[in-house]
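See structure below.
The values are calculated or read from the model by the stated rules, or taken from the named source; none is laboratory data. Note that the structure is a prediction, hence the values are computed from the model and not measured. Methodologically, a virtual Cβ is constructed for each residue, glycine included, from the backbone with ideal geometry; neighbour enumeration extends over all protein chains shown.
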């Protein structure tokens, strides 16, 4: 790895050593500054902001190298520190590393070893930056959208739950975004760089819940043993969707796992459960273990259905619209105020998932740059009295009637000007004329 442009601060009370180090580093393209005592080192580090510091342990003055390191670690912009010593001990080296030093090298220095350490630092730093960039993108892709008081409370709980390692339960109707909240809590925790594994208990093979979760033996000689979800989630989070459908044997194993985790602080996996029903009723029916329910519900959050937080719908529509256009590589499109009002007034029994799917359907079916009520109706939104569609025997008949009504409205909007109408609705003029003729629309009467 190239060291060109890397900022390095060399700190040693011996001028000759500083000169040799600085010259060697500059030959590799590094930008180098030198300090000969602890106070100057701290002052230079603040202004120079080096990526790497070569720091001698034993220096005269008020601060030795270890004390300088302790002060540096209190700063948010602390460089990676390589400690140097001509008469160090294993005890000193261990103490330096515990204080946060990257490594410890003995004098006389091997420049080859110093360069290797520096390149390792740069490689590690780059990986950390790439990881953080990826995590930022992931967090953006699972952002919780909404400004209602309920969503504000949920956002606050995400950060609080993120600091804990306890199991927790997410409750709410199907489609309200339980897995989204689980992912957000995962990304808000120290486990963010590790795996988030989701298991849908409703799709686990009957009789094989334990095997799917904890793995099993090889099916035949020479084959690999089956890895379970717990192995794949090591160090991360394991989310049980529809936890009420987990079979009895798997519930027993999960309770034992949670007990062991509490007793020995082992098994570094965070357990998250989601349910759309009242688990306490399953406990009364003896189909769900009471002790498992208690352990899971110690921390819990309940998501309200979309119909109870309609003020979030407009923001959700905008978010889903932008997300669809970005992924599809299309210019950004929007919804007109009248369309947003209709969307906000709809019941959305399927909650956020239904709304997301509908927004995508509108984008697929309509060529408009701004979607209005006609686009919503064409995409299947029931507007007004549902009986208005009872007279249409087939989808073709209903679509034809909608197209006729849509064209009548648009032609009237542009006072019968076919050129302006065709441009506004995104249809070729000749094709629009054919539609007008097919539906028997009298353009002159629309002027």
Which numbered condition in (1) touching a residue at least 60 places away in the same chain (Cβ under 8 Å); (2) part of a loop (DSSP other than H, G, I, E, B) is the only one that residue 205 fails?
(1)
Residue that is modelled with the highest pLDDT [pool: residues in the range 319-343 that are more than 13 Å from residue 362 (Cβ to Cβ) and buried (at least 16 other Cβ atoms within 10 Å of the Cβ)]:
319
Would you point out which residue out of 349, 372 is under 18 Å from residue 174 (Cα atoms) and outside the structural domain of residue 181 (by TED's automatic domain parsing)?
349
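Conditions (1) out of contact with any helix residue (DSSP H, G or I) (no Cβ under 7 Å at 6 or more places or on another chain); (2) surrounded by 12 or more Cβ atoms within 10 Å (Cβ to Cβ); (3) under 17 Å from residue 7 (Cβ atoms), marked per residue:
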{"position": "57", "(1), (2), (3)": "no, yes, no"}
{"position": "81", "(1), (2), (3)": "no, yes, yes"}
{"position": "86", "(1), (2), (3)": "yes, yes, no"}
{"position": "98", "(1), (2), (3)": "yes, no, no"}
{"position": "115", "(1), (2), (3)": "yes, yes, yes"}
{"position": "119", "(1), (2), (3)": "yes, yes, yes"}
{"position": "126", "(1), (2), (3)": "yes, no, yes"}
{"position": "148", "(1), (2), (3)": "no, yes, no"}
Return yes or no: is residue 61 touching a helix residue (DSSP H, G or I) at 6+ places or on another chain (Cβ under 8 Å) and at pLDDT below 90?
yes
Which of the numbered conditions does residue 92 fail, given that it passes all the others? Conditions: (1) at pLDDT below 85; (2) more than 19 Å from residue 33 (Cα to Cα); (3) not in a helix (DSSP H, G or I).
(3)
Just one of (1) free of Cβ contacts under 8 Å to residues at least 40 places away in the same chain; (2) surrounded by 15 or more Cβ atoms within 10 Å (Cβ to Cβ); (3) farther than 30 Å from residue 243 by Cα trips up residue 358, so point out which.
(3)
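Conditions tested, residue by residue: (1) part of a helix (DSSP H, G or I); (2) more than 24 Å from residue 282 (Cα to Cα).
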| residue | (1), (2) |
| --- | --- |
| 153 | yes, yes |
| 160 | yes, yes |
| 175 | no, no |
| 189 | no, yes |
| 197 | no, yes |
| 231 | yes, yes |
| 249 | yes, no |
| 260 | yes, yes |
Taking the range 99-130, which residues are within 19 Å of residue 23 (Cβ to Cβ) and in contact with a strand residue (DSSP E or B) (Cβ under 8 Å, 6 or more places away or on another chain)?
105, 107, 109, 113, 114, 117, 118
What residue, of 440, 393, is more than 30 Å from residue 356 (Cα to Cα), at pLDDT below 85 and not in a helix (DSSP H, G or I)?
440
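Scan 427, 407 and give me the residue that is within 20 Å of residue 368 (Cα to Cα), within 45 Å of the chain's Cα centre (by Cα) and not in a helix (DSSP H, G or I). I'd like the intermediate steps shown before the answer.
Details: 407 fails: not in a helix (DSSP H, G or I).
Result of the check over 427, 407: 427.
Only one of 13, 62, 47, 40 is more than 25 Å from residue 124 (Cα to Cα), outside any loop (DSSP other than H, G, I, E, B) and either assigned by TED's automatic domain parsing to the domain that holds residue 97 or without any contact (Cβ under 8 Å) to a residue 40 or more places away in the chain (or both). Can you tell me which?
Working: 13 fails: outside any loop (DSSP other than H, G, I, E, B); 62 fails: outside any loop (DSSP other than H, G, I, E, B); 47 fails: more than 25 Å from residue 124 (Cα to Cα).
Checking each option against the conditions leaves just 40.
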What's the number of the condition residue 294 fails, among (1) surrounded by fewer than 17 Cβ atoms within 10 Å (Cβ to Cβ); (2) outside the structural domain of residue 255 (by TED's automatic domain parsing)?
(2)
